[in-house]
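J.: I have a structure here, written as C-alpha cells, and I will follow up with some questions on it.
The values are calculated or read from the model by the stated rules, or taken from the named source; none is laboratory data. Please read these numbers as outputs of a predicted model, since none were measured by experiment. Methodologically, a virtual Cβ is constructed for each residue, glycine included, from the backbone with ideal geometry; neighbour enumeration extends over all protein chains shown. Ligands, DNA and RNA are stripped out before the accessible areas are found, and what is left, the full protein with its side chains, is counted by its heavy atoms. Shrake-Rupley method; radii C 1.70, N 1.55, O 1.52, S 1.80 Å.
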Amino acid sequence: MKSQPEVIVPDDHIDTRGHKSRERRCVSRNEVRDPREMIRFVVGPENTVYPDILGKLPGRGVWVSSTREDLEVATKKGGFKRGFKGNIKVPADLEDQVVDGLRRHVLSLIGMAKKSGKLFIGFDQVMSAARADALGWRIEAFDGAAGARGKIRTLSKAIAHEVELPLPRVIGCFNSQEIGAVVGREAIIHCAIPHGRIAKSLGFSARRLSGFIPLVPEGWADAQHEAF
C-alpha cells in the first residue's frame, strides 16, 4: 500500500459546480453523514484495514465518523467486517495510523498556505495581520509562551468582533519544530491564515483531527480562553 501524499488538495470532496458533497454511511453509527466529517478505510496487503485519509485510494471503501469512539466501535463491534463483507485484519496500531495521517493532513495545509502566500509567520507578522483584518485560523506551537499567544488572541478576537466575523480558531497541537518544518524554518511559534478557501479546508481537516486529540493543549494555562 502506498503512503499518503504529503500535500493535500483543499476541499477534495466538494463538487466544483457548488453541489453539496455526497454523503457516506458510517459503519459505526449506521447513519449517513458528510464525508468531510469521516475517514475512509480500504483493505490493503494481507487483507489488512488501512486508513485512506485523502479518500482517493482504489477499491471498496468503508467510512467511519472521525472520532476515537467511532473508530473503537467499528473495530471492536464488527463494523469493518460488515462494511467489507468478510473477515479482515484490523491492525493494533490503526488508531495511531489515523492520528498520524490526520496530523500530516493538517500540517500539509499549513504548508500549502505558505506556498500560496496565505500564511502569516512569526509574532510581528501575525500581529500586523490581525490589526488589518480578521484572521481565519491561528496556529500556535504548544511549546510557545502564553504571554505572546495571549496578545495575539486578544487582538484577533477584538478585530473579529469589530468586523462581525467569526472568532479565529486555534490549532495548538503541534510543536514549534513541526510547524517550522512545513514552512521552511527551524522553529516557528506563531502562524495565522486569513479567511478563504485554505482556511475553510483547514477547518474540515482540523475538525477530523479534533475527534482524536485536543487541538488546544490541556496543559496550557490559558486553555479556557481558547476554543475550537
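J.: Using the Cα atoms as the points, what is the convex hull volume per residue of the chain in Å³? All intermediate terms of the calculation are to be shown ahead of the outcome.
T.: On the way: hull volume 31.4 nm³, N = 228.
Dividing the Cα hull volume of the chain by its residue count gives 138 Å³.
J.: Search the structure for amide H atoms under 5 Å from the amide H of LYS89, placed 1.01 Å from N in the peptide plane, and list their residues when 5 or more places away or on another chain.
T.: The list, which skips near neighbours in sequence, is THR48, VAL49.
J.: What does the charge dipole of the chain about its Cα centre add up to, to the nearest 20 debye, if the Cβ of each Lys and Arg holds +1 and the Cβ of each Asp and Glu holds -1?
T.: Numbers: 36 positive and 28 negative charges, 183 e Å.
Its charge dipole is roughly 880 debye.
J.: Bin by bin, in steps of 10 Å, what percent of the Cα pairs in segment 176-228 do you find, going until the bin that has the longest distance?
T.: The distribution over segment 176-228 is 20, 42, 37, 0, given as percents.
J.: Let me ask something additional. What is the angle, in °, between the Cα long axis of helix 197-210 and the longest principal axis of the Cα atoms in the chain? Nearest 10 is fine, range 0 to 90.
T.: Between helix and principal axis, roughly 60 degrees.
J.: Whenever you get a sec, compute what percent of the accessible area on the chain sits on carbon and sulfur atoms (1.4 Å probe). Could the numbers behind the result be given before it?
T.: Numbers: 5840 of 11580 Å².
Carbon and sulfur: 50 percent of the exposed surface of the chain.
J.: Ok, one more. Could you do me a favour and compute the accessible area per residue for the chain, 1.4 Å probe, result in Å²? Let's see the in-between values first.
T.: Working: 11580 Å² over 228 residues.
Value returned for the chain: 51 Å² of accessible area per residue.
J.: Which ³J(HN,Hα) values in Hz, rounded to whole numbers, follow from the phi angles of segment 172-188 under the Karplus curve 6.51 cos²θ - 1.76 cosθ + 1.60, where θ = phi - 60° and Gly and Pro get x?
T.: Each residue of segment 172-188 in turn: x, 9, 10, 8, 5, 6, 5, 5, x, 4, 8, 10, x, 10, 6, 7, 9 Hz.
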